[in-house]
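K.L.:
Before anything else, here's the structure in question.
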Amino acid sequence: MQDLLILATKQRIIPDLARAVWIYRETVLSIHRSGKPLYLHIDLRTTISEQDIDFVTFYKASSVERANPLQCRLEGDY
């Protein structure tokens, strides 16, 4: 993880871990801000088990840039 933090801060070493993590997070998010959005669709009218399957299916997708913007659609929430 330290290697990633150094990379994200453009080879600067930041002694404060919380600050280094924040900079890393902001860097990754800014890189992926214009990426292809991830879509998550959950139908709240289905059973909890079916909703769990939808979540698992979403997170098991391969070759996905997890830092890309997320668009979530909840159906049945009146």
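K.L.:
Can you name the condition, by its number, that residue 73 falls short on among (1) among the basic types (Lys, Arg); (2) more than 13 Å from the chain's Cα centre (by Cα); (3) in a loop (DSSP other than H, G, I, E, B)?
P.N.:
(3)
K.L.:
Related question: Please go through region 27-50 and give me each residue that is surrounded by 11 or more Cβ atoms within 10 Å (Cβ to Cβ), under 30 Å from residue 12 (Cα atoms) and free of Cβ contacts under 8 Å to residues at least 24 places away in the same chain, ordered by number.
P.N.:
Within region 27-50, 27 is the sole residue that qualifies.
K.L.:
Let me ask you something else. Need the failing condition index for residue 78 against (1) modelled with pLDDT under 90; (2) of a type in the set (Ser, Thr, Tyr); (3) within 17 Å of the chain's Cα centre (by Cα), just the number.
P.N.:
So residue 78 meets the others, but not (3).
K.L.:
Identify all residues within region 26-49 that are farther than 22 Å from residue 74 by Cβ and part of a loop (DSSP other than H, G, I, E, B); write none if there are none.
P.N.:
Those that are farther than 22 Å from residue 74 by Cβ and part of a loop (DSSP other than H, G, I, E, B): 33, 34, 35.
K.L.:
Cβ-Cβ below 7 Å, separation at least six or inter-chain, first residue in region 51-78 and touching a residue at least 24 places away in the same chain (Cβ under 8 Å), second aromatic (Phe, Trp, Tyr) and in a strand (DSSP E or B): which pairs?
P.N.:
71/39
The values are calculated or read from the model by the stated rules, or taken from the named source; none is laboratory data. Worth saying up front: this structure is predicted, and the values here are computed from it rather than measured. Note: ideal-geometry Cβ built from the backbone for every residue, glycine included; neighbour counts use all protein chains shown.
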